[in-house]
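One structure is given here, and the rest of the page talks about it.
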Amino acid sequence: MKRLNVVHLLDDMSAGGVTQALGVYGRPELIEFADSRVEQVDPNQRHAPRFDADVIVTHFPPRWRALPFVYSLRRRNPRARLVHVEHSYTRAWEQANVPHKWRFRAMLRLALRQYDQVVSVSNGQADWLNAIEAVPSERLRVVAPYSDIDALLELQRKPRAAGAAIVIGAFGRFAEVKGFERLIDVFARLDPARFVLRIGGFGPLEDALEKRAEGLPHVEFVGPVTDRAAFLSACDMLAVPSHWESFGLVAAEARAAGCPILVSNVDGLPEQARGRGYVFDFDDTRGVADTIASVSHSEITLMGALARQSVRSLSASRFKAWREIFEAARPTAAG
């Protein structure tokens with residue numbers, strides 16, 4: 001069976017969730033079906049390149065200036081199946097960043113109608129895309145983004161000593177979207193003898209966050225997280241207090257490591273916490289703190305086991321979904 005030629009188009013090759021998610025296409029489960037390569041493009045250019053490809057997958061967010069590029073991509077590659085993965089836009093993102101929603105939604109519809117398939121990275125995101133009629137439901141599919149969680153699934157969790165403080169971790173870029181300031185405010189209400197917050201990462205808000213945590217001895221900044229397994233093994237739970245989050249890879253990684261999750265009630269996060277964590281409005285600092293204060297070690301152990309079990313089939317489901325998406329191009333490739 002002929003392997004399909006697949007090209008993935010990015011406008012930004014810097015390290016992050018999108019480039020991390022590309023790792024799925026290099027897995028043996030997909031290599032046997034498709035030969036994938038990555039190309040950097042400038043979607044602000046009016047003319048898209050021609051590609052020797054059966055499938056073209058775009059990973060950059062649609063925008064008005066990129067519409068000519070997308071239309072050109074369709075026109076100049078008529079035999080290729082076009083697939084778009086929406087990594088960025090969500091309901092909460094739109095609420096926070098878009099003053100004229102009708103105009104933004106019109107742009108999305110114009111862009112996404114050029115694609116044979118649109119991939120949403122979470123059910124929450126897909127529900128929003130359906131609600132605003134951005135793409136016909138029959139062309140929309142949910143596939144969670146990839147992260148190599150195999151090692152995390154095998155991580156051995158050490159039992160905590162009786163009476164030990166509960167360690168809650170959080171990590172990511174110190175930027176407004178991540179909402180770490182709200183988590184610090186929650187810890188200002190928690191007993192330092194019972195709870196510790198370990199925050200990993202770096203970014204433009206680092207000084208402001210450290211200043212916000214002054215006088216809170218149970219809030220620790222540990223710098224960039226280069227070993228996620230080591231960081232997660234030192235945590236009892238993981239918090240993701242983001243203002244918006246299309247999926248939340250760190251939440252999926254925490255589940256694989258056996259950590260229950262504390263997540264914001266936005267976009268793709270709540271669906272990850274069902275039975276294996278808590279969903280919060282992190283602006284309600286008192287309510288969040290009261291709930292955390294009531295959590296016991298036994299509950300953490302139970303939710304951690306459920307969290308790990310919930311992701312054991314996640315990688316296999318991703319591979320199956322992408323095989324089916326690629327295989328849909330085969331009649332076109334044979335034509």
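Structure notes:
- Residue-level analysis places residue 169 among those that are modelled with pLDDT of 95 or more, of a type outside the set (Val, Ile, Thr), in the same structural domain as residue 212 (by TED's automatic domain parsing) and crowded, with 22+ Cβ neighbours inside 10 Å.
- Close contacts from the stretch 169-182, counting a first residue that is part of a loop (DSSP other than H, G, I, E, B) and a second that is among the hydroxyl-bearing types (Ser, Thr, Tyr), with Cβ to Cβ under 6 Å and a gap of 6+ residues or different chains, come to 179/242.
- Residue match in the stretch 274-288 (condition: modelled with pLDDT under 95 and either closer than 18 Å to residue 126 by Cβ or not assigned by TED's automatic domain parsing to the domain that holds residue 172 (or both)): yes
- Screening residue 278 on (1) outside any strand (DSSP E or B); (2) more than 22 Å from residue 175 (Cβ to Cβ) shows it passes everything except condition (1).
- Scanning the stretch 235-291 for residues that are β-branched (Val, Ile, Thr) and crowded, with 24+ Cβ neighbours inside 10 Å returns 240, 250, 261, 263, 266, 288.
- Those strands (runs of 3 or more DSSP E) lying entirely in the stretch 12-93 with at least 3 residues in contact (Cβ under 8 Å) with a residue 12 or more places away in the chain and within 22 Å of residue 268 (Cα to Cα): 81-86
- Of the residues making up the stretch 126-155, just one is polar (S, T, N, Q) and touching a residue at least 24 places away in the same chain (Cβ under 8 Å), namely 147.
- Exactly one residue out of 129, 110 is assigned to a helix (DSSP H, G or I), in the same structural domain as residue 26 (by TED's automatic domain parsing) and under 21 Å from residue 77 (Cα atoms), and it is 110.
- Qualifying residue in the stretch 239-247 (condition: without any contact (Cβ under 8 Å) to a residue 60 or more places away in the chain and at negative phi): no
- Single residue of the stretch 197-234 satisfying the filter (over 15 Å from residue 168 (Cα atoms) and assigned to a helix (DSSP H, G or I)) that is farthest from the chain's Cα centre (by Cα): 211
- The set of residues in the stretch 285-335 being free of Cβ contacts under 8 Å to residues at least 40 places away in the same chain and polar (S, T, N, Q) consists of 291, 294, 296, 298, 301, 309, 313.
- Among the residues making up the stretch 252-284, a single one is without any contact (Cβ under 8 Å) to a residue 40 or more places away in the chain, more than 17 Å from residue 186 (Cβ to Cβ) and of a type in the set (Gly, Ala, Ser): 275.
- Candidate set from the stretch 172-208 (those that are acidic (Asp, Glu) and farther than 14 Å from residue 224 by Cβ); member that is surrounded by the most Cβ atoms within 10 Å (Cβ to Cβ): 185
- Considering 122, 137, 147, the condition of being exposed (fewer than 15 other Cβ atoms within 10 Å of the Cβ), among the hydroxyl-bearing types (Ser, Thr, Tyr) and over 25 Å from residue 44 (Cα atoms) is satisfied by 137 alone.
Residue-wise test of (1) among the charged types (D, E, K, R); (2) under 26 Å from the mean Cα position of the chain (by Cα); (3) at pLDDT below 95.
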{"position": "7", "(1), (2), (3)": "no, yes, no"}
{"position": "17", "(1), (2), (3)": "no, yes, yes"}
{"position": "25", "(1), (2), (3)": "no, yes, yes"}
{"position": "28", "(1), (2), (3)": "no, yes, yes"}
{"position": "31", "(1), (2), (3)": "no, yes, yes"}
{"position": "45", "(1), (2), (3)": "no, no, no"}
{"position": "55", "(1), (2), (3)": "no, yes, no"}
{"position": "66", "(1), (2), (3)": "no, yes, no"}
{"position": "91", "(1), (2), (3)": "yes, yes, no"}
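- Candidates 220, 245: the one that is of a type in the set (Asp, Glu), assigned by TED's automatic domain parsing to the domain that holds residue 289 and within 21 Å of residue 272 (Cα to Cα) is 245.
The values are calculated or read from the model by the stated rules, or taken from the named source; none is laboratory data. Because the structure is predicted, anything quoted here is derived from the model rather than measured. Every residue, glycine among them, receives a Cβ derived from its backbone with ideal geometry; neighbour counts consider all protein chains shown.
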